[in-house]
Amino acid sequence: MVVHGFLLHNSKSLDQAGGSKSEDEVVVWASRFYDSEGNDKRSCVRAKAVARRVQQEFRVSRCEGNMEDGKGLWHSRAQPANHVSRGVFRLSSSRIFSKPKVVFWIHKSEALCTLICEEKTNVLLAANQLGLIANAIADHFGPEALQGAKWVNQRPEELYMVLDRLIPSGHLQFLTEVDVKKELADLVASLQKSAK
């Protein structure tokens, strides 16, 4: 098993988003773990811990857009609206995970999509797969999909069906955009068939 889990969570703290919780508050909108360690009684704690670390990494990546000029002044470089931030980091074995993991994340809209993988994962394959998954979620559920938990609460089973098609039993696949579109089309067809 290569993929340990998938998380979908907020990229902004609730203070920034208009909420009243603490700055470091993380809200996990959806999570899917593919092994027994991920699905034990500590799964919520584990998901929030990983999401919090990803949120910290995301904040650091946003700060890297700032530059110091020769006079000691800092200037922000404006990033284009369609700029996609992404990253990868390693988690050592700890109370949360019995074995080291590699975590991949991508920021799209107001969401962070996170893939938690085993240590010896093909880094390029996992990063590519995560990008395809984030795009598939946005394509399948619409442009508002990655802007809040509302759509996840309305269609959770469908989200898990998309994940199960793209990460079957927690295994990464060599997929292209064409393959992903075909999988989504097959999913839509089966959903329409079952609705009749």
Original post:
Looking at Arg52, Arg59, Arg77, which is the one that is at pLDDT below 60 and of a type in the set (Lys, Arg)?
Top reply: Arg77
**OP:** Scan segment 88-132 for residues that are within 20 Å of Arg59 (Cβ to Cβ) and touching a Pro at 6+ places or on another chain (Cβ under 7 Å) and jot them down.
**Re:** Arg90, Leu91
Subject >> Residues located in segment 107-130, provided they are open to solvent by 10 Å² or more (accessible area, probe 1.4 Å) and part of a helix (DSSP H, G or I) >> reply: Val123, Leu124, Leu125, Ala127, Asn128
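Let's see how each residue does on (1) among the β-branched types (Val, Ile, Thr); (2) within 26 Å of Val45 (Cβ to Cβ):
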| position | (1), (2) |
| --- | --- |
| Val103 | yes, yes |
| His107 | no, yes |
| Leu112 | no, yes |
| Leu124 | no, no |
| His140 | no, no |
| Glu144 | no, no |
| Met161 | no, no |
Original post:
List the pairs whose first member sits in segment 151-174 and is part of a helix (DSSP H, G or I), whose second member is of a type in the set (Lys, Arg) and open to solvent by 40 Å² or more (accessible area, probe 1.4 Å), and whose Cβ atoms are under 6 Å apart, counting only residues at least 6 apart or on separate chains?
Top reply: Leu163/Arg32
Original post:
Somewhere in segment 115-124, is a residue closer than 30 Å to Ala195 by Cα and either within 16 Å of the chain's Cα centre (by Cα) or modelled with pLDDT of 90 or more (or both)?
Top reply: no
**OP:** For segment 139-162, enumerate the residues that are open to solvent by 30 Å² or more (accessible area, probe 1.4 Å) and touching a helix residue (DSSP H, G or I) at 6+ places or on another chain (Cβ under 8 Å).
**Re:** Asp139, His140, Glu144, Arg155, Glu158, Met161
Original post:
Quick one: would you say Leu166 is at pLDDT 90 or above and open to solvent by less than 70 Å² (accessible area, probe 1.4 Å)?
Top reply: yes
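The values are calculated or read from the model by the stated rules, or taken from the named source; none is laboratory data. Only a predicted model underlies this, so the values are computations on that prediction, with no experimental measurement involved. Cβ atoms come from the backbone with ideal geometry, glycine included; neighbour counts cover every protein chain shown. Protein only, heavy atoms only, side chains kept; ligands, DNA and RNA dropped before computing areas. Shrake-Rupley method; radii C 1.70, N 1.55, O 1.52, S 1.80 Å.
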